[in-house]
Structure formats: structure tokens, C-alpha cells
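Asker: Handing you a structure now.
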Amino acid sequence: NQSFGSAFTQSTAFSRGVTSPSTSQLSANADSSVFLTSETAKACVDLAGSPVYAYSLAKLEKAADECLAFPNAYGLTVRYAMKACPNGSILKFFNKKGIHIDASSGFEVRRAMTMGVPAENISLSTQELPADFAELVDMGVKVNACSVSQLE
């Protein structure tokens, strides 16, 4: 979970993944991408190796700003469901924007905290409480009870 190269730092966050299309597939798909060209896709692979995932920080920022600007009469807490993409660079980026985190496991809570998200900005929504549940709550993690049995 790193940002690479001065040309990419402002527009792209990179993450090493488990599987990826071939370089030729990545390049072919880049022609229809909303932010990558064939050349920048190849540069990403050349710089970071394969597999690599590229994210548009400009698109993420636009979506974040739209959510933060949502009309509300009594306050609004915008949360990012990190199970959608737990990339460390993205978590750090949203944290800097003031967006809180919705975690679905104790592991996700710990990952978000490792990326600098304060415990009080994390909400845990899970059917199975983690073994360190009491410690997470003591640290300030909020809990969204998903069933009555969790309240007992």
C-alpha cells in the first residue's frame, strides 16, 4: 500500500493485489478507463510490478466531497465501508478528509487504526464479536449491534 512516482502521487494510489490481468489486458482496458491511458497503465505496472491496482484520488475526492456536502439538518457522519476496499492509502486519504470508517470485523478495526484512523472514528458492525471486543470498545470504537442477541 504505497504511492509511487511523482507523476502519480497526486492522481493515483497503488496497491499490490493477489490476482491481476496480464499487462496486455491491463493496457487494452486502460483505453476505456476514466482516468488511465494505455501509457499510464503500463507505467504503473513498470513502476510497481504486477499485479497492481490503480485508484483515482480525484474521483475518490469528488465522491467524498459530495457525501460530506449532503444536506442535513442535524449533523452527518460520513462513513466509508472499508470492506469495499481496505487499501491503506485509501483509508488514510478518507481519514484526512474527515470520513469515518465502518468496519465489519475486528481485523478491519485494527487495520483502520494501523492506518491512522482514531478508534472513536470507527464503527464496528458485525454478527460475530471479535475476541478483543471489550478492548476495542475501551479504546473508543463504536458498535452497531446487528442483532438483539448482541445486546444481551
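The values are calculated or read from the model by the stated rules, or taken from the named source; none is laboratory data. From a predicted model like this one, the values you see are computed outputs, not experimental measurements. So basically every Cβ, Gly included, is an ideal-geometry build from the backbone, and we count neighbours across all protein chains shown. Areas reflect the complete protein model, heavy atoms only, side chains present, ligands, DNA and RNA absent. Shrake-Rupley method; radii C 1.70, N 1.55, O 1.52, S 1.80 Å.
Asker: Is it true that Ala69 is small (Gly, Ala, Ser) and open to solvent by less than 60 Å² (accessible area, probe 1.4 Å)? Walk me through how you get there before you give the answer.
Answerer: Values: small (Gly, Ala, Ser): yes; open to solvent by less than 60 Å² (accessible area, probe 1.4 Å): no.
It is false that Ala69 is small (Gly, Ala, Ser) and open to solvent by less than 60 Å² (accessible area, probe 1.4 Å).
Asker: Could you list all residues from region 72-84 that are loosely packed, with under 15 Cβ neighbours inside 10 Å and not aliphatic (A, V, I, L, M)? Even if it seems obvious, please write down each step before you answer.
Answerer: The first filter runs over region 72-84 and keeps only residues loosely packed, with under 15 Cβ neighbours inside 10 Å, leaving 72-77, 81, 83-84.
If the condition is that a residue be loosely packed, with under 15 Cβ neighbours inside 10 Å and not aliphatic (A, V, I, L, M), then Asn72, Tyr74, Gly75, Thr77, Lys83 are the ones that fit.
Asker: Shifting gears a bit: Would you check if there is a residue in region 8-18 being β-branched (Val, Ile, Thr), assigned to a loop (DSSP other than H, G, I, E, B), open to solvent by 50 Å² or more (accessible area, probe 1.4 Å) and at pLDDT below 55?
Answerer: Yes, the conditions are met somewhere in region 8-18.
Asker: Output the residues belonging to region 33-54 that are assigned to a helix (DSSP H, G or I) and over 21 Å from Leu91 (Cα atoms).
Answerer: Ser38, Glu39, Thr40, Ala41, Lys42, Ala43, Val45, Asp46, Leu47
Asker: Continuing with the same structure: Show the residue pairs that are 6+ apart or on different chains and have beta-carbon atoms under 6 Å apart, the first residue being within region 137-152 and under 11 Å from Val109 (Cβ atoms) and touching a residue at least 12 places away in the same chain (Cβ under 8 Å), the second being of a type in the set (D, E, K, R) and open to solvent by 60 Å² or more (accessible area, probe 1.4 Å).
Answerer: Gly140/Glu120
Asker: At least 3 residues that are within 24 Å of Leu36 (Cβ to Cβ) and of a type outside the set (Gly, Ala, Ser) in each: list the strands (runs of 3 or more DSSP E) lying fully within region 55-152 that qualify. Talk me through it step by step, then tell me what you get.
Answerer: Working: elements: 79-81, 100-103, 122-126, 142-145.
Where strands (runs of 3 or more DSSP E) fall fully within region 55-152, none carries at least 3 residues being within 24 Å of Leu36 (Cβ to Cβ) and of a type outside the set (Gly, Ala, Ser).
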